[in-house]
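The values are calculated or read from the model by the stated rules, or taken from the named source; none is laboratory data. From a predicted model like this one, the values you see are computed outputs, not experimental measurements. Methodologically, a virtual Cβ is constructed for each residue, glycine included, from the backbone with ideal geometry; neighbour enumeration extends over all protein chains shown.
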Amino acid sequence: MSQPAIEDFANEDRLFPPPQGFQAEALVADDSLYREADADYEAFWARQARELLTWETDFHTTLEWELPDARWFVGGRLNVSVNCLDRHVAAGRGERVAYHWEGEPGDTRTITYAELLAEVERFANVLKGLGVERGDRVALYMPMIPELPVAMLACTRIGAAHSAIFGGFSPDSIIDRVNDGECKVVVTADGGYRRGAPSLLKPNVDEALESCPSVTGVVVVRRTGSDVTMRDGRDHWYHDLMAGAAPQCPPEAMDAEDLLYLLYTSGTTAKPKGIMHTTGGYLTQVAFSHKYVFDLKPEHDVYWCSADIGWVTGHSYIVYGPLANGATSVLYEGTPDTPGRDRLWDIIERYGVTQLYTAPTAIRMFMKWGAEEPEKHDLSSLRVLGTVGEPINPEAWMWYHTHIGGGRCPIVDTWWQTETGAHMITPLPGVTDLKPGSATFPLPGIGVEVVDDNGNPVERGGGYLTLTRPWPAMLRGIWGDPQRYRDTYWSHYPGRYFAGDGAKVDDDGYLWLLGRVDDVMNVSGHRISTTEVESALVDHPAVAEAAVVGATDDLTGQAIVGYVILRGTAEGSDALVEEIRQHVAHKIGPTARPKRVIVVPDLPKTRSGKIMRRLLRDVAEGRDLGDTTTLADPTVVDAIRTSAAEGPGSGG
């Protein structure tokens, strides 16, 4: 048997089977889907594609696979907007609510499937009027307003690919993405609301487009009423164009392998990677996973994914999965603490939300704010909780389970990536016994193995997460760079996709994600996961949130440096810092005890909530900081520097 490639310290024995009442009503309450997929995974996915989607032309071949290139549902033709809208309206469900939209200032809109279809058809004609043709690319740089899914679906209707750019990104990020995709049109807004004030977007577009020769037109949604510059001949107000647009737009029948969208993700180099997702396979897997992972009953449920549509989570689980399944969703523009720290719980109570899908970072923030915030509201409508974006530490899982789910809601802890397109490892809520902090098992039809440094499977312990066979929603390449696709994802272990994540397998076969391999620390020859140390830090009753990095150390190669935010009333002191260090040693072993624990007021996060550990490493090693343009609050790093130099835990 191979040796574990990453040390495995933590042990979690708590087990939560599906609640009996939930299991009795669940869409899936046994292992039948797993058995079907194990017997013939291609036939399994073919059934899902035909049952969940409407095809204009049926496919003749389920999969053509020539490593690393996959073609799914070959010969099939379909249109994504038809699957998300027309077919529901045609079936008499046009009056069902597609989105309950809520703006941060408190303005609301209720949009039915019939209304959404009408808006999409008009905007599809707007795009055609601006010269957008089948195969072109359209950049979307927008806040969380209904016009964003309208623009996405309008692109799919006419066969154009969209490239959504997160609204927190800088002009340089827009330039990179627009030029790489050679986008013809940009759809944006004057701005959006964030933390109670307008956050302008159009000026960033204006600055970027000085360097984007492919763009011939810009469409601007008026959201905040802020003064913005409109360039004659290039810039157009959304409402003006829509007023003159024809109401019907026939959908383009697209090949299953036609490009649906580009979505850029960071790489080890400065150049972002344009991840390519295609039509039939992607829509099949997002519809399947959304339906079964969230136990969706569209005639009753009100589903809410709190991500931003600018990220893949929003593409798959706010737009394409929910709409393909005819779901009613909540769409919220702003931050969870505006105007008060109970905004999310207020929204859940008012709309009767049944599924909440959010990030562990947000859950730890809610923990820090205290259980009294959710206790102000009736959360009894909730029946499934989900997490996405990073591994969730067991104590945050338990807090979520207890204070948000009332101890009655299964938690689906989902592992997947921009590149995978859809959920890969996650419980099924009516089937799986849950362990706090574990994503549990691969979904039916997904092949996963943890391997050691030599690519040999690890039966028990830590290693590297690999995918052993193609899946329908997989990326089809990196835009314009097929060699980079091969080198990045398929060169580490022959015949396997390497996700870049560490994972471990426990005695019961459960999978535990250990974060990016880049975030694995090498301390005196021991490879230690940042995730496990962070979980141990947050397990201390005084700690609300933690981030860990490995800093260069002459003696041990790397030394563990922990940055912690204390809970409400706790005060930093050298004694408390030492107590926290010893707590980690007690929890997972002396090898994992941080050399330093630094009490900080906040952590450097992107606007999507991801901790930028690279900056923490720079602080720990006394280097000049790298790029900070994607930080939600750039002043945080100065405060951390001050804490590291002067505050408790600043000593070795």
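Picking from residues in region 306-327 that are among the hydroxyl-bearing types (Ser, Thr, Tyr) and surrounded by fewer than 24 Cβ atoms within 10 Å (Cβ to Cβ), the one that is nearest to residue 96 (Cα to Cα) is 306. For region 331-382, filtered to residues that are assigned to a loop (DSSP other than H, G, I, E, B), touching a residue at least 40 places away in the same chain (Cβ under 8 Å) and among the polar types (S, T, N, Q), the residue that is farthest from residue 112 (Cα to Cα) is 338.
Only one entry in 621, 579 is loosely packed, with under 15 Cβ neighbours inside 10 Å, touching a residue at least 24 places away in the same chain (Cβ under 8 Å) and over 25 Å from residue 370 (Cα atoms), namely 621. Taking region 26-37 as the range and being assigned to a helix (DSSP H, G or I) and surrounded by 13 or more Cβ atoms within 10 Å (Cβ to Cβ) as the test, the residues that pass are 33, 34, 36, 37. Filter region 474-505 for residues that are more than 15 Å from residue 425 (Cα to Cα) and of a type in the set (Val, Ile, Thr) and give the result. Within region 474-505, 478, 488 qualify. Consider region 51-93 and keep the residues that are of a type in the set (D, E, K, R) and not in a helix (DSSP H, G or I). The one that is farthest from residue 260 (Cα to Cα) is 66. Out of the residues in region 262-300 that are over 16 Å from the mean Cα position of the chain (by Cα) and among the aromatic types (Phe, Trp, Tyr), state the one that is surrounded by the fewest Cβ atoms within 10 Å (Cβ to Cβ). Filtering region 262-300 for residues that are over 16 Å from the mean Cα position of the chain (by Cα) and among the aromatic types (Phe, Trp, Tyr), the one surrounded by the fewest Cβ atoms within 10 Å (Cβ to Cβ) comes out as 292. Say whether the condition of being surrounded by fewer than 24 Cβ atoms within 10 Å (Cβ to Cβ) and either at pLDDT below 90 or under 23 Å from residue 388 (Cβ atoms) (or both) is met by at least one residue in region 479-489. Taking every residue of region 479-489 in turn, at least one turns out to be surrounded by fewer than 24 Cβ atoms within 10 Å (Cβ to Cβ) and either at pLDDT below 90 or under 23 Å from residue 388 (Cβ atoms) (or both). Only one of the listed residues (157, 137, 234) is of a type in the set (D, E, K, R), within 17 Å of residue 80 (Cβ to Cβ), modelled with pLDDT of 95 or more and in contact with a strand residue (DSSP E or B) (Cβ under 6 Å, 6 or more places away or on another chain). That residue is 137. Residues that are assigned to a helix (DSSP H, G or I) and either crowded, with 16+ Cβ neighbours inside 10 Å or of a type in the set (Phe, Trp, Tyr) (or both) within region 507-536 comprise 517, 519, 530, 531, 532, 533, 534, 535, 536, listed in sequence order. All of (1) out of contact with any strand residue (DSSP E or B) (no Cβ under 6 Å at 6 or more places or on another chain); (2) among the polar types (S, T, N, Q); (3) buried (at least 24 other Cβ atoms within 10 Å of the Cβ) hold for residue 426 with one exception: (1).
Here region 507-546 is the region considered, the condition is being touching a strand residue (DSSP E or B) at 6+ places or on another chain (Cβ under 8 Å) and among the acidic types (Asp, Glu), and the residue that is farthest from residue 369 (Cα to Cα) is 518. The lone criterion from (1) assigned to a loop (DSSP other than H, G, I, E, B); (2) touching a Cys at 6+ places or on another chain (Cβ under 9 Å) left unmet by residue 226 is number (2).
Which residue, of 573, 535, is under 30 Å from residue 433 (Cβ atoms), out of contact with any Leu (no Cβ under 8 Å at 6 or more places or on another chain) and of a type in the set (S, T, N, Q)? Result of the check over 573, 535: 535. Once region 107-149 is narrowed to residues that are among the β-branched types (Val, Ile, Thr) and buried (at least 24 other Cβ atoms within 10 Å of the Cβ), the residue that is farthest from residue 181 (Cα to Cα) is 120. Looking across region 472-499, just one residue is within 23 Å of the chain's Cα centre (by Cα) and without any contact (Cβ under 8 Å) to a residue 40 or more places away in the chain, and that is 498. Report those helices (runs of 4 or more DSSP H) wholly inside region 544-652 carrying at least 2 residues which are at pLDDT 95 or above. Of the helices (runs of 4 or more DSSP H) lying wholly inside region 544-652, those with at least 2 residues that are at pLDDT 95 or above span 574-588.
Take the conditions (1) over 23 Å from residue 165 (Cα atoms); (2) touching a residue at least 60 places away in the same chain (Cβ under 8 Å); (3) under 18 Å from the mean Cα position of the chain (by Cα); residue 303 misses just one of them, which is (2). Against the numbered list (1) among the hydroxyl-bearing types (Ser, Thr, Tyr); (2) within 22 Å of residue 163 (Cβ to Cβ); (3) loosely packed, with under 15 Cβ neighbours inside 10 Å, residue 229 comes up short only at (2). Residues that are within 13 Å of residue 160 (Cβ to Cβ) and among the aliphatic types (A, V, I, L, M) within region 121-149 comprise 124, 126, 127, 130, 132, 138, 139, 140, listed in sequence order. Within region 58-81, does at least one residue satisfy the condition of being surrounded by 15 or more Cβ atoms within 10 Å (Cβ to Cβ) and over 20 Å from residue 473 (Cβ atoms)? No, because not a single residue in region 58-81 is surrounded by 15 or more Cβ atoms within 10 Å (Cβ to Cβ) and over 20 Å from residue 473 (Cβ atoms).
Has region 211-219 got any residue that is touching a helix residue (DSSP H, G or I) at 6+ places or on another chain (Cβ under 6 Å) and either part of a strand (DSSP E or B) or among the basic types (Lys, Arg) (or both)? Yes, region 211-219 has at least one match.
Annotation note: Cβ proximity below 8 Å between a residue of region 219-246 that is farther than 19 Å from residue 143 by Cβ and a residue that is part of a strand (DSSP E or B) (sequence gap 6+ or interchain) occurs for 231/218; 234/217; 234/218.
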